[in-house]
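Participant: Once you've had a glance at the structure underneath, I'll fire off some questions.
The values are calculated or read from the model by the stated rules, or taken from the named source; none is laboratory data. Because the structure is predicted, anything quoted here is derived from the model rather than measured. Note that each Cβ is placed from the backbone with ideal geometry, even for glycine, and that neighbours are counted across all protein chains shown.
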Amino acid sequence: MSLKIQTPPPHGGKLVDAVIRDKDKAISMASGAPAYDIKPTRSIIDGNPIRNVYREVMSIAYGFFSPLDRFMGRSEVENVLKERRLLDGWLFPFPIIFDINEDDLRKLGVKEGDRVLLRLKGQPFAVLDIDEVWRFDPKDIADRTFGTPERNPEVVRRRFDEKHPGWLIYRSMTGLALAGKVYIINEPVFKDPYNRFWYPPAKSREEFRNRGWRTVIAHQTRNVPHTGHEHLMKNAAYMGDIEPCHGILVNAIIGAKRLGDFVDEAILEGHEALSKYGYISPRRHMVTMTLWDMRYGNPLESLLHGIIRQNMGCTHHMFGRDHAAVGDYYDPYSTQILWEKGIPSFGLPEPPYDVDKGLKIRPVNIKEFWYCPKCGEIAYSDTCGHADVAQRFSGSFIRGLIAEGIEPPPIIFRPEVYRVIVKWWRVYNYPFVNRRYLELKERELEVDLKPMEVNSKR
């Protein structure tokens, strides 16, 4: 029996491809459909844009969320919230909802069985075939999505509220939704620098084959990398097979960010700098992105990340402390609990790879890297014996230095990565996400669309 690990199939067995590349067919599909201009979800607290559903359209249509091929209706959302499964049984962690306000729905005049043309930046973008028009309670959806200490005592430490950005996304939805399949009819053109990091699942799998990568470990990120992240990637790649993983896939989540986060452009180019300047060999390093407005859902987010990266062709996924988390809502090791033994209250009595219609991607659960002054090097927390003097990497500390115009020392931050931050600082006059950046990002987005003439109802 061979010990070699093989590339896993897409989640659900087949990649979704809902991009219509035949222009005549695309125009025909949109002809006569009433048009709706996609709007951002804005925070009910301060009005900032916190989500744009176009990113979910992209992730559905290009197969990142396979086997999901639609925006969910009431019964599917209920199934996801109760069992963390789609109606066909495949694991899926989050409700994916196309919400719309009452006035817009009334103006559209649509019902079940109708088609809507979705416009983006004034141009035709996609069509949505309506299976269901349904209503929901945004607060109820928000609460049930992330869990409560009463319902999910294994991992939830306190109730979610408006300070949690993912909870706020659901809470800020309209309470009225359209469900059904979605198709992109006008492929967006990515702007620089996003264009060189766009590898949807079919393309990433092809790239892995071209590079000769059979085993690939995924690194989830929403941050510019410090040297702790670098060591995480280098060391995690040595786990899980009879030889080191052939490739390290950095997959950055691109979308609306929290105030104070690094800007998206710096995140992508900061990771790119690690291989560009030889800190990780370019033969083994690849930087990509997924369009998604993060829910910061720790174990649930890790399940979505596993789905995305398995669909992209990865064999392994590294998970560390406080994966995709913010605040102290979850146990800091919730993700590792999920991937080591499951979380029954979330519908997973066993790890995601041991349940029926679960995932094939394998976890590499690791702790943290810190700087040890006694060892005189970056050390792994589980093997270094100097926890009493260890200096942990602090994202807030690093951001504090940068905000003051102080370049972090090379032991914790590569100078080439810092120069990337400075580059985008000059573009936006601030190194981190602020309200101005959020509004600019919402207006400009990551893409442009080519003009397309469609005979639609206004």
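Participant: Return the pairs, sorted by first residue and then second, in which the second residue is outside any strand (DSSP E or B) and hydroxyl-bearing (Ser, Thr, Tyr), the first residue lies in the range 340-360 and is more than 12 Å from Pro299 (Cα to Cα), the beta carbons are less than 7 Å apart, and the residues are 6+ apart or on different chains.
Facilitator: Listed by first residue and then by second, the contacts come to Leu359/Tyr353; Lys360/Tyr353.
Participant: Still on this model: Inspect the range 197-205 for any residue being more than 17 Å from Glu446 (Cα to Cα), in the same structural domain as Arg414 (by TED's automatic domain parsing), surrounded by 23 or more Cβ atoms within 10 Å (Cβ to Cβ) and not small (Gly, Ala, Ser) and give the result as yes or no.
Facilitator: Checking the range 197-205: at least one residue is more than 17 Å from Glu446 (Cα to Cα), in the same structural domain as Arg414 (by TED's automatic domain parsing), surrounded by 23 or more Cβ atoms within 10 Å (Cβ to Cβ) and not small (Gly, Ala, Ser).
One line per residue, one yes/no per condition, for (1) hydroxyl-bearing (Ser, Thr, Tyr); (2) over 22 Å from the mean Cα position of the chain (by Cα); (3) under 22 Å from Ile169 (Cβ atoms):
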| position | (1), (2), (3) |
| --- | --- |
| Ala33 | no, yes, no |
| Lys39 | no, no, yes |
| Ser43 | yes, no, yes |
| Ile50 | no, no, yes |
| Ser59 | yes, no, yes |
| Pro67 | no, no, no |
| Gly73 | no, no, yes |
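Participant: Now, a different point. Is one or more of the residues making up the range 79-86 of a type in the set (S, T, N, Q) and touching a residue at least 12 places away in the same chain (Cβ under 8 Å)? It would help to see each step written out before you state the result.
Facilitator: In the first step, residues of the range 79-86 are kept if they are of a type in the set (S, T, N, Q); the result is 79.
Of the ones still in play, those that are also touching a residue at least 12 places away in the same chain (Cβ under 8 Å) are none.
No - not one qualifying residue is present in the range 79-86.
Participant: I'm checking my understanding of the structure. Among residues of the range 68-104 that are assigned to a helix (DSSP H, G or I) and in contact with a helix residue (DSSP H, G or I) (Cβ under 8 Å, 6 or more places away or on another chain), which one is surrounded by the most Cβ atoms within 10 Å (Cβ to Cβ)? Spell out the reasoning first.
Facilitator: Step one: of the range 68-104, the residues assigned to a helix (DSSP H, G or I) are 74-83, 102-104.
Then keep just the ones that are in contact with a helix residue (DSSP H, G or I) (Cβ under 8 Å, 6 or more places away or on another chain); that gives 77, 81.
Values: Val77: 22, Leu81: 19.
The selected residue is Val77.
Participant: Restricting attention to the range 238-249, does a residue exist that is touching a Pro at 6+ places or on another chain (Cβ under 6 Å), on the phi < 0 side of the Ramachandran plot and at pLDDT below 95?
Facilitator: Among the residues of the range 238-249, at least one is touching a Pro at 6+ places or on another chain (Cβ under 6 Å), on the phi < 0 side of the Ramachandran plot and at pLDDT below 95, which makes the answer yes.
Participant: Restricting attention to the range 358-416, report how many residues are surrounded by 19 or more Cβ atoms within 10 Å (Cβ to Cβ) and among the hydroxyl-bearing types (Ser, Thr, Tyr).
Facilitator: Residues flagged as surrounded by 19 or more Cβ atoms within 10 Å (Cβ to Cβ) and among the hydroxyl-bearing types (Ser, Thr, Tyr) within the range 358-416 amount to 1.
Participant: Follow-up. Within the set of pairs 6+ apart or on separate chains, which have a first residue in the range 423-443 that is on the phi < 0 side of the Ramachandran plot, a second that is in a helix (DSSP H, G or I) and among the polar types (S, T, N, Q), and C-beta atoms under 7 Å apart?
Facilitator: If the second residue must be in a helix (DSSP H, G or I) and among the polar types (S, T, N, Q), no pairs are left.
Participant: Can Gly327 be described as out of contact with any strand residue (DSSP E or B) (no Cβ under 8 Å at 6 or more places or on another chain), in a loop (DSSP other than H, G, I, E, B) and without any contact (Cβ under 8 Å) to a residue 24 or more places away in the chain?
Facilitator: Spelling it out, it is not the case that Gly327 is out of contact with any strand residue (DSSP E or B) (no Cβ under 8 Å at 6 or more places or on another chain), in a loop (DSSP other than H, G, I, E, B) and without any contact (Cβ under 8 Å) to a residue 24 or more places away in the chain.
Participant: Just to verify a result, which residue in the range 160-174, among those that are surrounded by fewer than 17 Cβ atoms within 10 Å (Cβ to Cβ) and in contact with a helix residue (DSSP H, G or I) (Cβ under 8 Å, 6 or more places away or on another chain), is farthest from Val53 (Cα to Cα)?
Facilitator: Checked the range 160-174; the qualifying residue farthest from Val53 (Cα to Cα) is Asp161.
Residue-by-condition table, conditions (1) more than 22 Å from Met294 (Cα to Cα); (2) free of Cβ contacts under 8 Å to residues at least 60 places away in the same chain:
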{"position": "Phe71", "(1), (2)": "no, no"}
{"position": "Ser75", "(1), (2)": "yes, yes"}
{"position": "Ile97", "(1), (2)": "no, no"}
{"position": "Glu102", "(1), (2)": "yes, no"}
{"position": "Gly113", "(1), (2)": "yes, yes"}
{"position": "Arg119", "(1), (2)": "yes, no"}
{"position": "Gly122", "(1), (2)": "yes, no"}
